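Participant: Quick one: this structure, given as structure tokens, is what I'll be asking you about.
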Amino acid sequence: MEEEIVVSGENEMSFIDHLEELRWHLIRSVASILVFATAAFLSKDFIFHDLILGPSRPDFFTYRKLCELGAYLGRPELCIDKISFTLQSREMSSQFTTHMTVSAIIGLVMAFPYTFWEIWRFIKPGLYPREQKNSRGAVFFVSFLFFVGTLFGYFIAAPLSINFLASYQVDASILNEFDLASYISTLTTMTFSCALMFELPMIVFFLAKAGILSPEIMKVYRRHSVVVILIVAAVISPPDVMSMMLIAIPLLLLYEVSITIAKVVRKNDIKRLNEELNG
């Protein structure tokens, strides 16, 4: 017994040790972001011409698919074959600072799984064995939903918003000439908003595991959630019904999936408690 106590004491980390460990986790996370950011900085032509400025041209993937869908449904108004705006850089250092900023954003997105894994490695030892077991696969599912949300924002939400804002005019005599920083701000805001919203199932999973959220509560507030989702979709999308529904429908599906996740969590918890009582 004395030997076990000594071993436990040796393994116990002080506050300073925890800070040191956290520092190295953060250093490795930042290093991974810098690696991807550097790669993005050196791939300027692809990053800007194909990726960042893609939604500003009518040959973008989403616009071509909308034209194909419009032709199939006999709805030519769905086709986006013209983007009526030009981009300008009004400050001397604007293009260089934009290049640096975009590279950092790309680095953050690409390094997200590793960065989250490093943070999770720091948090996990502080959890109880049961909590560690319940959180298996957290890094994979959080990263997966993040990338799915990012792709949805980039290919659906952002292009629709950019197209609407670019074509909106209060008078035909006013030309739409946008600053490069404004365009990139719209693109990144829409993309990251969707990436965060797609984490809803994982948030519900952990809240259900903690006993804070239940499927019954989510069902009771389903109507309220529909209103909130429609409001969010209206805010982040162009003010037309089709664009709003293209964003609202996936969010509604995510809410329903989250209810199912909460049910599964409740079922597993009841099963575990029964096994403990019978055992």
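Participant: Stretched out fully, how many nm does the piece from L151 to L73 gain, at 0.36 nm a residue minus the Cα gap?
Facilitator: 25.6 nm
Participant: Using every alpha carbon pair in the chain, what percent of pairs falls into each 5 Å bin from 0 up to the bin containing the largest distance?
Facilitator: With a bin width of 5 Å, the distribution comes to 1, 5, 9, 12, 13, 13, 12, 11, 9, 6, 4, 3, 2, 1, 1, 0, 0, 0.
Participant: Could you work out the relative contact order of the chain? I mean the mean sequence separation of Cα pairs under 8 Å and 6+ apart, divided by the number of residues, in percent.
Facilitator: Computed value for the chain: 19 percent relative contact order.
Participant: Note down the magnitude of the dipole of the chain about its Cα centre, charges +1 on Lys and Arg C-beta and -1 on Asp and Glu C-beta and zero elsewhere, to the nearest 20 debye.
Facilitator: 940 debye
Participant: Over the chain, give the accessible area per residue in Å² for a 1.4 Å probe, as an integer.
Facilitator: Value returned for the chain: 63 Å² of accessible area per residue.
Participant: Along the positive direction of the dipole of the chain (beta-carbon charges: Lys, Arg +1; Asp, Glu -1; about the Cα centre), which of A248, F48, L26 reaches farthest?
Facilitator: The one lying farthest along the dipole's positive direction is A248.
Participant: Shifting gears a bit: Rg/Rh for the stretch 125-200 to two decimals, with Rh computed the Kirkwood way over all alpha-carbon pairs.
Facilitator: 1.28
Participant: Here is a follow-up. On the full set of protein chains, 1.4 Å probe, figure out the accessible area of F140 and give it in Å² to the nearest 10.
Facilitator: Surface open to solvent at F140 totals about 130 Å².
Participant: So, one more: State, to one decimal in nm, how far the label point of E275 lies from the label point of T97, with both points 7 Å from Cα in the Cβ direction.
Facilitator: Rounded to a tenth, the inter-label distance reads 5.8 nm.
Participant: Under the rule of at least 5 residues apart or a separate chain, name every residue whose amide H is placed under 5 Å from the amide H of D179.
Facilitator: The list, which skips near neighbours in sequence, is Q88.
Participant: Continuing with this model, one more query. With no solvent and one equal point scatterer per Cα, compute the Debye intensity ratio I(q)/I(0) for the stretch 160-279 at 0.11, 0.16 Å⁻¹ and report its log10, rounded to two decimals.
Facilitator: -0.53, -0.84
Participant: Karplus couplings for the stretch 108-116 from phi (6.51 cos²θ - 1.76 cosθ + 1.60, θ = phi - 60°), rounded to Hz, Gly and Pro as x?
Facilitator: Rounded to whole hertz, the list is 5, 5, 5, 8, 3, x, 5, 4, 5.
Participant: Okay, moving on. In the chain, what cysteines have no partner Cβ closer than 4.7 Å?
Facilitator: C194
Participant: Give the ranking of V170, V30, V226, V109 by solvent-accessible surface, highest area first, calculated with a 1.4 Å probe.
Facilitator: Descending accessible area places them as V170, V30, V226, V109.
Participant: Report, to the nearest 10°, how far helix 200-209 tilts away from the longest principal axis of the Cα atoms in the chain, using its own Cα long axis and a range of 0 to 90°.
Facilitator: Around 20 degrees separate the two axes.
Participant: Could you give the longest part of the chain that holds none of the GluC sites (Glu not before Pro) found in DSSP loops with at most 14 neighbouring Cβ atoms within 10 Å?
Facilitator: 92-279
Participant: Next question, about the same structure. With every protein chain in place, what's the accessible area of R222 (1.4 Å probe, Å², nearest 10)?
Facilitator: Probe radius 1.4 Å; accessible area of R222 about 80 Å².
The values are calculated or read from the model by the stated rules, or taken from the named source; none is laboratory data. From a predicted model like this one, the values you see are computed outputs, not experimental measurements. Cβ coordinates were reconstructed from backbone atoms using ideal geometry, including for glycine residues, and neighbour counts include every protein chain displayed. Note: areas computed on protein heavy atoms with side chains; ligands, DNA, RNA excluded. Shrake-Rupley method; radii C 1.70, N 1.55, O 1.52, S 1.80 Å.
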